[in-house]
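Each remark here refers to the structure printed beneath this line.
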């Protein structure tokens, strides 16, 4: 029987590529986005690839809506084996004191509370079914201090903390919780930093010993690895997919 994954923020960047990678490996794909038009279009594209997929419109800052989507996915597919908490925003790319409080609150609501809600209701379901899998999206900014990204980094540090603590709490319940910490990756979020003028392609590439940025599909394959049954003894891990950034 095919496994079912729920991917939040699944219509762009890493989330989109994760849907394709897991779908091509035989998974049922449930994915979300706030953008209905983009979600329905991607659902059509996945089905044209012979991937069983369903789009669910969702704002992950709405706790009740997150719970309802998880319940609906379980009802529609009969189960949920993994949730990939991918939805995230970057907001401003400025020096700390120049950033707005409102923007920081917005990032906390999406990047922290959105992950918290997804984990909370997935775990409540997994406790009834004997186990399951959670993969969270962290960042090199969640493991280091990155200039012009203090607020974003704070939210990703929170994701790392949630991942590790929850993994320990439920390690004996057959619930695995891991996270991927990508380096600079050529996604829509990174484009905001470019547009702000804080980084360009040369500076972004030079951050990494590999002297290049990551590709969304490379991160997606790392997520697929963590979501698979290949690493049953791995939980609480923050897997760096960063071109050697954290090895420096």
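The values are calculated or read from the model by the stated rules, or taken from the named source; none is laboratory data. Computed from a predicted structure; not experimentally measured. Neighbour counts are summed over all protein chains in view; Cβ atoms, including those assigned to glycine, are modelled from backbone coordinates with ideal geometry.
Worth a mention:
- When segment 98-121 is filtered for residues that are in contact with a strand residue (DSSP E or B) (Cβ under 7 Å, 6 or more places away or on another chain) and either without any contact (Cβ under 8 Å) to a residue 60 or more places away in the chain or more than 29 Å from residue 78 (Cβ to Cβ) (or both), the ones remaining, listed by number, are 115, 119.
- The listed residue being within 21 Å of residue 159 (Cβ to Cβ), surrounded by 21 or more Cβ atoms within 10 Å (Cβ to Cβ) and modelled with pLDDT of 95 or more, out of 239, 180: 180
- Restricting attention to segment 4-32, the residues that are outside any helix (DSSP H, G or I), touching a residue at least 40 places away in the same chain (Cβ under 8 Å) and out of contact with any strand residue (DSSP E or B) (no Cβ under 7 Å at 6 or more places or on another chain) total 2.
- Options 149, 167: the member that is modelled with pLDDT under 95 and surrounded by 18 or more Cβ atoms within 10 Å (Cβ to Cβ): 149
- Of all residues in segment 189-218, those that are closer than 23 Å to residue 148 by Cα and under 14 Å from the mean Cα position of the chain (by Cα) total 2.
- In the set 181, 165, 141, only one residue is within 30 Å of residue 77 (Cβ to Cβ) and either touching a residue at least 12 places away in the same chain (Cβ under 8 Å) or in a loop (DSSP other than H, G, I, E, B) (or both); that residue is 181.
- Any chance residue 44 is surrounded by fewer than 22 Cβ atoms within 10 Å (Cβ to Cβ), farther than 18 Å from residue 141 by Cβ and in contact with a strand residue (DSSP E or B) (Cβ under 8 Å, 6 or more places away or on another chain): no
- Of all residues in segment 191-248, those that are under 18 Å from residue 163 (Cα atoms), touching a helix residue (DSSP H, G or I) at 6+ places or on another chain (Cβ under 6 Å) and part of a loop (DSSP other than H, G, I, E, B) total 2.
- Breaking point among (1) under 23 Å from residue 180 (Cα atoms); (2) crowded, with 16+ Cβ neighbours inside 10 Å; (3) at pLDDT 95 or above, for residue 124: (2)
Quick grid of which residues meet (1) surrounded by 15 or more Cβ atoms within 10 Å (Cβ to Cβ); (2) under 19 Å from the mean Cα position of the chain (by Cα); (3) within 26 Å of residue 213 (Cβ to Cβ):
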{"position": "17", "(1), (2), (3)": "yes, yes, yes"}
{"position": "40", "(1), (2), (3)": "no, no, no"}
{"position": "58", "(1), (2), (3)": "yes, yes, no"}
{"position": "64", "(1), (2), (3)": "no, no, no"}
